[in-house]
1. Could you tell me whether residue 132 is within 16 Å of the ligand (Cβ to nearest atom), of a type in the set (A, V, I, L, M), in contact with a Leu (Cβ under 9 Å, 6 or more places away or on another chain) and open to solvent by less than 30 Å² (accessible area, probe 1.4 Å)?
2. Can you say whether residue 110 is in contact (Cβ under 8 Å) with a residue 60 or more places away in the chain and among the polar types (S, T, N, Q), as far as the supplied structure shows?
3. Could you list all residues from region 123-182 that are touching a residue at least 12 places away in the same chain (Cβ under 8 Å), more than 26 Å from residue 49 (Cβ to Cβ) and of a type outside the set (Lys, Arg)?
4. Looking at 105, 153 in this structure, which one is within 13 Å of the ligand (Cβ to nearest atom), open to solvent by 20 Å² or more (accessible area, probe 1.4 Å) and under 15 Å from the mean Cα position of the chain (by Cα)?
5. Which one of 121, 95 is under 21 Å from residue 175 (Cβ atoms), surrounded by 17 or more Cβ atoms within 10 Å (Cβ to Cβ) and away from the ligand (no atom under 11 Å from the Cβ)?
6. Can you tell me which of (1) assigned to a strand (DSSP E or B); (2) farther than 25 Å from residue 155 by Cβ is the one residue 197 doesn't meet?
7. Consider region 173-194. How many of its residues are part of a strand (DSSP E or B) and surrounded by fewer than 19 Cβ atoms within 10 Å (Cβ to Cβ)?
8. Condition check: farther than 23 Å from residue 137 by Cβ, more than 10 Å from the ligand (Cβ to nearest atom) and touching a Pro at 6+ places or on another chain (Cβ under 8 Å). Does residue 73 satisfy that?
Amino acid sequence: MNRLLKYLLIFILSVFLTNNYSQGIDFVALRKAMVKNQIEKRGIRDKNVLKAMLKVERHKFVPEELKNYAYEDRPLPIGEDQTISQPYIVALMTELLKLDPNDRVLEIGTGSGYQAAILAELVKEVYTIEIIESLAKRAEKLLHDLGYKNIYVKIGDGYLGWPEKAPFDAIIVTCAPKEIPPLLIEQLKEGGKMVVPVGDFFQNLKLVIKKDTKIIVKDIVPVIFVPMIKKDERN
Ligand code: SAH
């Protein structure tokens, strides 16, 4: 009897401690450390981008069992063989777009919805397209539950863009096409900017600027993104 009581006490105590431990993680402190050590240290200076990265609760965008890794310096799996990008890359791509509060932005590759949430903190409207239905639906629900009213999610093929809502001040592609998709260049406003990782296995993050009807393309940094799927490639 005594022994049983002892086991029962240990059991109750361990449940209490485990719960307390996972609830007790200081995500605010982890987020501050992420911004300071991974993002500011690598040269991101845009105050608004840093503010958005400090505000958006990245741990809500990763699977429950990976919550404790949400603020680490790496991408994480989000299901369907897809990933949420490394925090620094999210910050870098966002900063490169030099966004204005009145901008309307198109994102290709909604994934978890995290990048869309960061954008929504900075601009007027975010349009985001995801080809995998289950991811699009999950992200749409999460973003709605988090109170975002300026994000529009569409299930579809990013190569086609969103012509009904074009032209956009900025476009961000978060999966890697082999070439810059021509329809996306078309849907960019005069003076607009697009960031896009281009390549096969080895990819380069490119900044595309549409200026005086010319297209200027700058190589920024080598990156690794999941491929941008062609609709007929998915079975
Ligand atoms: N921006 C996301 C990460 C995206 S991972 C985030 O913040 O979590 C890349 C996403 O692009 C995947 O979800 C993948 O399904 C999607 N994708 C791949 N090819 C696509 C296409 N042709 N059109 C739209 N989305 C595509």
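1. no
2. no
3. Scanning region 123-182 gives 131, 132, 133, 134, 155, 156, 157, 159, 160, 163, 179.
4. Going through 105, 153 in turn, the sole match is 153.
5. Selected residue: 95, the only one of 121, 95 that is under 21 Å from residue 175 (Cβ atoms), surrounded by 17 or more Cβ atoms within 10 Å (Cβ to Cβ) and away from the ligand (no atom under 11 Å from the Cβ).
6. (2)
7. 3
8. For residue 73, the condition - farther than 23 Å from residue 137 by Cβ, more than 10 Å from the ligand (Cβ to nearest atom) and touching a Pro at 6+ places or on another chain (Cβ under 8 Å) - is met.
The values are calculated or read from the model by the stated rules, or taken from the named source; none is laboratory data. Since the structure is predicted, the reported quantities are computational estimates derived from the model, not experimental observations. Every residue, glycine among them, receives a Cβ derived from its backbone with ideal geometry; neighbour counts consider all protein chains shown. When the accessible area is computed, the model is the full protein with side chains, heavy atoms only, and any ligands, DNA or RNA have been set aside. Shrake-Rupley method; radii C 1.70, N 1.55, O 1.52, S 1.80 Å.
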